[in-house]
Amino acid sequence: MEKRIIHIDMDAFYAQVEQYDNPELRGKPVIVGGRSFNRGVVATASYEARKYGVHSAMPTKTAHKLCPDGIFVHPRFERYKEISGQVRDIFLSYTDLIEPLSLDEAYLDITELVSKERSSRSIALAIQSEIFEKTGLTSSSGISYNKYLAKIASGMNKPKATTVIDYNNVLEILHELPIGKFPGVGKVTEEKMIGMGIKTGKDLYDISKNDLILKFGKRGESLYNKARGIGTNELTVERERKSVGKETTFNYDRNDDSEILGVLEELSAKVSSRLLDKSLAGKVVTVKIKTGDFESHSKQMMTMDPVYTAKDIYHYAYNLYHEVKEEDVPIRLIGVTVSALETRLYRNMTIYDFIM
Ligand code: TTP
Ligand code: MG
């Protein structure tokens, strides 16, 4: 069966996070990596710095030479992980069929979400704009009928792009693609291929399967397929979820209990509907807040019985909120999570349904 796979990849991920967190870096050549002049290596560079030829894995020393006015920043992995988690939660609100490849990229199988009214492109755009709304960061996506084509597509028009590869344009795109842009063709293979006169997808396409197997061993067949748009569409999906949570970041600090509790009630309802979807219930409720100066605090509580209704989750969240929120300390973020999950045997029914 034909599938719709999206590959999403954040634009200049580490550098964009640094620019988002430090507005004075926006629009400037930012180079994230080891700052040691002699031993440092560039992790990534903002698009402004890329204009000078700076790129990932380049020695910091070379980057200094190419871009003397570059702003060199040390990576903050915890922060990148945090944002990666936020992006993951957005993905999960669309589908469970997610295969993360690294902190900043993942495959999503959205086959089931596509309909006459909702194209795969519009789903990708919706996910990207939600990522932008919630994290302030731009991403690029590629859509196709298998994984490696989706990945090629997401890299084609970066940054801020949404690109589709389909049966009608696949060969044209692959023929023109530089050989090094084929997933799985690393630096070493790329050089070997260029040495053999294989510079583009078309050059690869023109070689027989036997010749490829002779020259590249086991990988020959996969290369033969890659030149033709043939590849797997099966995602290696993550393990079961261990918790379901939702959070909201306010656009200004808030201190009004009734206002915040209104949001907490909405978040509880969202967590509930996700648990209902999955026939799950959980025995631990956690409320997390972040104060105006970004201190995180959380409190959790075991429930009497596994909870999943909005009313029950909010009941615990309400009490936890009053334990964790300090008077006169405004907050920036509030979240509620249900964990220690178990499967409910009777889908969407409570014990009361049986009594009545
Ligand atoms: P990439 O997605 O390869 O690169 P990018 O997000 O910086 O830029 P773009 O996708 O727009 O081309 O990698 C994601 C992050 O992984 C990157 O921000 C930094 C880190 N990284 C390294 O630390 N070393 C590397 O060699 C590469 C390629 C990435
Ligand atoms: Mg990226």
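We did not get these values from a lab; they are worked out from the coordinates using the rules stated. Since the model is a prediction, treat every value here as computed from it, not as a measurement. Because the Cβ atoms are built from the backbone with ideal geometry, glycine has one as well, and the counts that use them run over all protein chains shown.
Structural remarks
- Cross-linked pairs K246/K299; K246/K283; K187/K215; K151/K270: Cα-Cα separations exceed 20 Å for K151/K270.
- Point-to-point label distance, E221-K81, nm (Cα→Cβ direction, 7 Å offset): 4.0
- Prolate/oblate/rounded call for the stretch 243-343, Cα gyration tensor, a/c under 1.5 rounded: prolate
- Here the calculated FRET efficiency for S56 and K199, from their Cβ-Cβ distance with R0 = 30 Å, stands at 0.85, rounded to the nearest 0.05.
- Over 31 Å between alpha carbons, listed pairs K116/K202; K160/K311; K242/K325: K116/K202; K160/K311
- Share, in percent, of DSSP beta bridges within the stretch 1-165 that are antiparallel, nearest 5: 75
- Span-like helix criteria (full DSSP H runs; alpha carbon extent of at least 15 Å along the helix axis; mean Kyte-Doolittle hydropathy of at least -1.0) are satisfied in the chain by 77-92, 120-135, 257-278, 310-324.
- P(r) tail for the stretch 170-226: Cα pairs beyond 19 Å make up 14% of the total.
- Spatial offset of the stretch 255-296 relative to the stretch 66-96 amounts to 24 Å, using the alpha carbon center of each.
- The calculated FRET efficiency for the pair I230 and E266, based on their C-beta separation and a Förster distance of 45 Å, comes to about 0.45.
- Inverse mean reciprocal Cα-Cα distance (Kirkwood Rh) of the stretch 129-283, Å: 19.4
- Relative contact order, whole percent, for the stretch 81-217 stands at 13, derived from Cα pairs under 8 Å and 6 or more residues apart.
- Kirkwood Rh, angstrom, the chain [1 / mean 1/r, Cα pairs]: 23.1
- The fewest-to-most ranking of L149, L137, L333 by surrounding Cβ atoms within 10 Å reads L333, L137, L149.
- D by Stokes-Einstein for the stretch 1-134, Kirkwood Rh over Cα pairs, 10 °C, 1.306 mPa s: 98 µm²/s.
- Using a Förster distance of 22 Å, the FRET efficiency for E176-D211 (Cβ separation, nearest 0.05): 0.50
- Summary value for the chain: 14 percent relative contact order, contacts being C-alpha pairs under 8 angstrom separated by 6+ residues.
- As a rough guide to protection, the peptides 187-199, 268-280, 244-256 ranked by mean Cβ packing within 10 Å, highest first, stand as 268-280, 244-256, 187-199.
- Note on N319 and A340: their simple-model spin labels are 1.3 nm apart, each label 7 Å out from Cα toward Cβ.
- D21 versus F37: modelled label distance in nm, points set 7 Å from Cα along the beta carbon direction: 2.6
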